[in-house]
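Below is one structure; the comments refer to it alone.
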Amino acid sequence: MEDSPATNFQDLKSTQTQNYLHDTIQVPDDLQANVMVTTLDKVYNWSRTSSMWPLLFGLACCAIEMIATAASRFDLARFGMEVMRPSPRQSDLMIVSGTVTKKMVPAIVRIYNQMAEPRYVLALGACATGGGPFKEGYNVVSGIDTYIPVDVYVPGCPPTPEALIYGLLKLHKKVERQSIAKVSWYKKNTSEFIPIPVLGPDVFDPRQVEMIREYTLGAGAVRGPAAAEVRVLPQLLTADQKAHLEQVRARYLAKVKQPA
Amino acid sequence: MTELVAEAPVVEQTADAAYPYNNVVPGAVIGRWAEGSDPALVVAPDKLIALLTHLRDQESYDFLSSVTCVDYSAYAGKARAGIKERFDTVYHLYSTQKGGGHINLHVRVPEGDSVPSATSVYPGANLQECEVYDLYGIKFEGHPNLRRVLLWEGFNGYPMRKDWKEAYFEEENKPFKNRHPAEGYFWHEDKLPWGSNSTYPEGWDPESWQTPISYVPVSQAPEGLGYDSEKSNVGAVGELDTQSIVVNLGPHHPSTHGVFRMLARIEGETVLALEPEMGYLHRNHEKIGERNTWLMNMPFTDRLDYINSMSNNLGYALAIEKLANIEVPERANYIRIIMAELTRVVNHMWSIGFILNDLGALQTPALYAIEEREMILDLFEAVSGSRLMCNYMRFGGVVRDLPAGWLEKAKYMVDTRLPNVLDELDRLITGNEIMMARGRGVGYLSAKDLIALSVSGPMIRAAGVPYDIRKAQPYCIYDRFDFDIPTLPESDIFARYYIRLLEARESVKILKQALRDIPGGEFLSTRDKYTFRPTEGEAYVRVEAPKGELGFYVVSDNKANPYRYHVRAPSFINLNALGPMSVGYKIADAVVVLGAIDIVLGEVDR
Ligand code: SF4
């Protein structure tokens, strides 16, 4: 074969854009250099994965590794992700990088609500995944997924930058599988605000109010008469109590399933 | 005051004459405590302020390092027998003029009682007393603004009290029984129907809950705190009839280095008052720490100031070594100093990068500044297996020896790379016009005010105070090395930037000597002891961490777990000065003032 620039370009094009080419529609040979046929989904997802802007949002120690990932050695710019936006309105991906505390969680949920769809969440580290080393702490939330949906979990304490990059590539994979015809954010009335947790005597999720009332006010129904302290101390629930609370939970689920 | 009281013939005083200071402040000291370990004086609550004033003015104990509290209600040691009071508030005073050790004061407080606030003598007690109030519920009489700083207004209970149990409470002490397979295991989440880490008081109705309004006083300039402010440019905007507004920055804000919040009252762009608000990363370090065994706390200290895990390890190891009288082999001492100084270089470069970030030079200078950090992290990873959370030191040494070839790599770093990089930073930043314009004369606070506010570390050295614990009260083997304490007189943003560069150079000097002199031999003296019980007593040990004075206060009641474990976090206490330093400057400068304090939220909130 001649080693001409044209063939080089052809090679280049076919190797680099392979993933985005359409496999059934044939382009005539003389148009090969100018025309590329692909699907809308692929273009849509290609552009989204190649410029996914994370929210500039550090919570704790894991944020230091996130900064290291963005810095020269690991260089997130290779993935089109170096543009960290401090404003949730401009960002596509929230990297929850660190321990989620009760005092902070209302702010996090609010920020999540402010992000425009499509939006993704990556839980970075043991803390954001499930509470991590501080799980038992009185001010620590056992993982951000108790409040907002998470797309990718990256374990580690802290995860190395390599691990974060691996998680981000997994997220890219996830994005590439989505189809513009099916994604929820172009449908009507599907995007819901997540109710902001409230700081009461302890943090509570407004969605769980009924369950909590059952526990604090319906004292006889849930706990034995022994629990007379001012503060409700946790204990493993008996079978009756569990059954009772199952009913409450079912009632609650039935209620939220109905259209507003 | 001295002459006045020396003559006063009080009858009960004769019994107290055996105690020090009773000749100058009669009836002040009423007993001794923790004689076997870190001797403390028990002070009568009503005489506390008089005694503190005397110590500050006559004995030059001008630096209130730590204020904390111990709840003795579950104390198992013998020494507490017969003492009715439940709480002790604990004060540690140092002298920045004389150097040397501390005076340890305890004030016994019955439940429900209050203590006079030390803020009138040491304004730096401000945040620490708020913390004690927040976590123990002890009221400080005369505190200008006692509020919950780490938790929120309305939180149920005072979590550090020994009888307060969290939702995931399992057992008093680790290791927990259910970690053994025969017991079976359960999920914490199954304990409560809503499957999360929260409990609510009986009879509480979530539907009618109204969040209490927490009053953060940014309505007036903080003049009532007792330090004299030498600035007077506040009134410059006074001629225009403007209205001041309160601006909220954070907790999610790119300038706050994490989840920190500031409330600023501004007029035009001039800050009239500024109040820090924290707790968004309060991870209950101390509560968890009192449940852990002594050794289990070591990895948790990594997560305090997560940029400098090695110096946190060092501080904690030294505290326990003092409490339990553990010897450290020679080689381990050298290794420790090498690690501590490497973290100092890392930290100072990081903070220089981020001061510039705050000045608006987004990202590029920070990328330059933290480039070398990666190389040093590689060294840490080689010895400890982890880049960030090294968990490397143990009581009596370090956990493993340096791997083969490590010293050569470190020498190459220290001899060749680091000096060059520091020179490069110097060239790039120091003469920079914008750096000068934004940094010179901004954020000024006098050395006297800074010390009164309990500020420590590079902050006071940038105000001309040559106070560094490595010299003032040498620990490890710092007295063997030849290094200087750089100081700069200006006490502004620029000086705070430049002092860090100078200190990093001194660290390189220490590193060169340590790498040259490091001997062979044993690196851990306690390899045979997995758990141990230090004898009853307490210890307060502080080290010169890169951010300032890092102290560990531990109380042992002869058990395998600490009875009290408290961290005197430099970032937290340095924030005392944030408001006073920002007042009178522009709101954009307040961001840099915060950056130049160099806080890490893991340590601020713990
Ligand atoms: S997972 Fe570990 S490193 Fe990450 S925030 Fe939690 S404690 Fe810090």
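The values are calculated or read from the model by the stated rules, or taken from the named source; none is laboratory data. All of these numbers come straight from a predicted model, not from anything done at the bench. Don't worry about glycine lacking a Cβ; one is built from the backbone with ideal geometry, like all the others, and counts go over all protein chains shown.
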Subject >> One residue from A:Gly156, A:Gly131, A:Gly125, A:Gly137 being within 14 Å of chain B (Cβ to nearest Cβ), within 14 Å of the ligand (Cβ to nearest atom) and closer than 16 Å to A:Phe57 by Cα >> reply: A:Gly125
Subject >> Only listed residue being modelled with pLDDT of 75 or more, away from the ligand (no atom under 16 Å from the Cβ) and surrounded by 15 or more Cβ atoms within 10 Å (Cβ to Cβ), chosen from B:Glu269, B:Glu290, B:Glu207, B:Glu286 >> reply: B:Glu290
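So which residues in the stretch A:186-214 are outside any helix (DSSP H, G or I) and within 14 Å of chain B (Cβ to nearest Cβ)?
Going through the stretch A:186-214, the residues outside any helix (DSSP H, G or I) turn out to be A:187-205.
Of everything in the stretch A:186-214, those that are outside any helix (DSSP H, G or I) and within 14 Å of chain B (Cβ to nearest Cβ) turn out to be A:Pro195, A:Ile196, A:Pro197, A:Val198, A:Leu199, A:Gly200, A:Pro201, A:Asp202, A:Val203, A:Phe204, A:Asp205.
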Subject >> Positions within the stretch B:177-186 being at pLDDT 70 or above and within 12 Å of another protein chain (Cβ to nearest Cβ), in sequence order >> reply: none
Original post:
Can you name the condition, by its number, that B:Glu153 falls short on among (1) within 27 Å of B:Ile573 (Cα to Cα); (2) buried (at least 16 other Cβ atoms within 10 Å of the Cβ); (3) acidic (Asp, Glu)?
Top reply: (2)
**OP:** Could you list, in sequence order, all residues of the stretch A:48-60 that are within 16 Å of the ligand (Cβ to nearest atom) and either modelled with pLDDT of 90 or more or among the aromatic types (Phe, Trp, Tyr) (or both)?
**Re:** A:Phe57
Original post:
Going by the conditions given, is A:Val150 at pLDDT 90 or above, within 15 Å of the ligand (Cβ to nearest atom) and within 11 Å of another protein chain (Cβ to nearest Cβ)?
Top reply: no
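When the stretch A:105-122 is examined, which residues are found to be among the small types (Gly, Ala, Ser) and either within 13 Å of chain B (Cβ to nearest Cβ) or touching a Gly at 6+ places or on another chain (Cβ under 8 Å) (or both)? So that I can check it myself, show each step before the final result.
Residues of the stretch A:105-122 that are among the small types (Gly, Ala, Ser), as a first pass: A:107, A:116.
Hit for the stretch A:105-122 is A:Ala107, nothing else.
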Original post:
Taking the condition touching an Asp or Glu at 6+ places or on another chain (Cβ under 8 Å) and within 16 Å of the ligand (Cβ to nearest atom), does A:Leu171 pass?
Top reply: no
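For A:Ser142, indicate whether it is within 16 Å of the ligand (Cβ to nearest atom) and either crowded, with 24+ Cβ neighbours inside 10 Å or within 16 Å of the chain's Cα centre (by Cα) (or both).
Numbers: within 16 Å of the ligand (Cβ to nearest atom): yes; either crowded, with 24+ Cβ neighbours inside 10 Å or within 16 Å of the chain's Cα centre (by Cα) (or both): yes.
Answer is yes for this residue.
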Subject >> Only listed residue being within 13 Å of chain B (Cβ to nearest Cβ), closer than 22 Å to A:Gln178 by Cβ and in a loop (DSSP other than H, G, I, E, B), chosen from A:Val96, A:Val83 >> reply: A:Val83
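Kindly state which strands (runs of 3 or more DSSP E) lie completely within the stretch B:1-114 and contain at least 1 residues that are aliphatic (A, V, I, L, M), modelled with pLDDT of 85 or more and under 30 Å from B:Ala560 (Cβ atoms).
Details: elements: B:29-33, B:40-43, B:63-71, B:87-94, B:103-109.
Of the strands (runs of 3 or more DSSP E) lying wholly inside the stretch B:1-114, those with at least 1 residues that are aliphatic (A, V, I, L, M), modelled with pLDDT of 85 or more and under 30 Å from B:Ala560 (Cβ atoms) span B:40-43, B:63-71, B:87-94, B:103-109.
To keep it simple, each residue is scored yes or no on (1) on the phi < 0 side of the Ramachandran plot; (2) within 18 Å of the chain's Cα centre (by Cα); (3) within 14 Å of chain A (Cβ to nearest Cβ).
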| position | (1), (2), (3) |
| --- | --- |
| B:Gly82 | no, no, no |
| B:Gly100 | no, no, no |
| B:Arg108 | yes, no, no |
| B:Val132 | yes, yes, no |
| B:Phe140 | yes, no, no |
| B:Trp152 | yes, no, yes |
| B:Asp163 | yes, no, yes |
| B:Asn173 | yes, no, yes |
**OP:** Of the conditions (1) under 16 Å from the mean Cα position of the chain (by Cα); (2) in the same structural domain as B:Ile469 (by TED's automatic domain parsing); (3) away from the ligand (no atom under 16 Å from the Cβ), B:Asp305 clears all except one; give me its number.
**Re:** (3)
Subject >> Matching residues in the stretch A:61-101 - criterion: being within 12 Å of the ligand (Cβ to nearest atom), β-branched (Val, Ile, Thr) and buried (at least 24 other Cβ atoms within 10 Å of the Cβ) >> reply: A:Ile95, A:Val96, A:Thr99, A:Val100, A:Thr101
**OP:** Determine whether the stretch A:91-102 contains at least one residue that is under 17 Å from the mean Cα position of the chain (by Cα) and free of Cβ contacts under 8 Å to residues at least 12 places away in the same chain.
**Re:** no
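Would you confirm, using the coordinates I've provided, whether A:Met104 is more than 15 Å from the ligand (Cβ to nearest atom), surrounded by 17 or more Cβ atoms within 10 Å (Cβ to Cβ) and not β-branched (Val, Ile, Thr)? Step through it out loud before you land on a result.
Details: more than 15 Å from the ligand (Cβ to nearest atom): no; surrounded by 17 or more Cβ atoms within 10 Å (Cβ to Cβ): yes; not β-branched (Val, Ile, Thr): yes.
So A:Met104 fails the test.
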Original post:
Yes or no: B:Asn312 within 22 Å of B:Asp484 (Cβ to Cβ), in a helix (DSSP H, G or I), within 14 Å of another protein chain (Cβ to nearest Cβ) and not aromatic (Phe, Trp, Tyr)?
Top reply: no
Original post:
For the stretch A:55-80, which residues satisfy the criterion of being at the interface with chain B (Cβ under 9 Å from one of its Cβ atoms) and of a type outside the set (A, V, I, L, M, F, W, C)?
Top reply: A:Gly58, A:Glu65, A:Ser72, A:Arg73
Original post:
Quick one: A:Thr38 ticks every box in (1) of a type outside the set (D, E, K, R); (2) within 12 Å of chain B (Cβ to nearest Cβ); (3) in contact with a His (Cβ under 6 Å, 6 or more places away or on another chain) bar one, so which box is it?
Top reply: (2)
Original post:
Name the pairs: first residue in the stretch A:170-193 and of a type in the set (Gly, Ala, Ser), second residue assigned to a loop (DSSP other than H, G, I, E, B), Cβ to Cβ under 6 Å, at least 6 apart or on different chains?
Top reply: A:Ser184/A:Thr190; A:Ser191/A:Glu117
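Answer yes or no as to whether B:Glu286 is in contact with a Phe, Trp or Tyr (Cβ under 6 Å, 6 or more places away or on another chain) and assigned to a helix (DSSP H, G or I). Show your work before the answer.
On the way: in contact with a Phe, Trp or Tyr (Cβ under 6 Å, 6 or more places away or on another chain): yes; assigned to a helix (DSSP H, G or I): yes.
Criteria met by B:Glu286.
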**OP:** Output the residues belonging to the stretch B:408-455 that are among the basic types (Lys, Arg) and either touching a residue at least 60 places away in the same chain (Cβ under 8 Å) or more than 18 Å from B:Thr487 (Cα to Cα) (or both).
**Re:** B:Lys409, B:Lys411, B:Arg417, B:Arg427, B:Arg438, B:Lys448
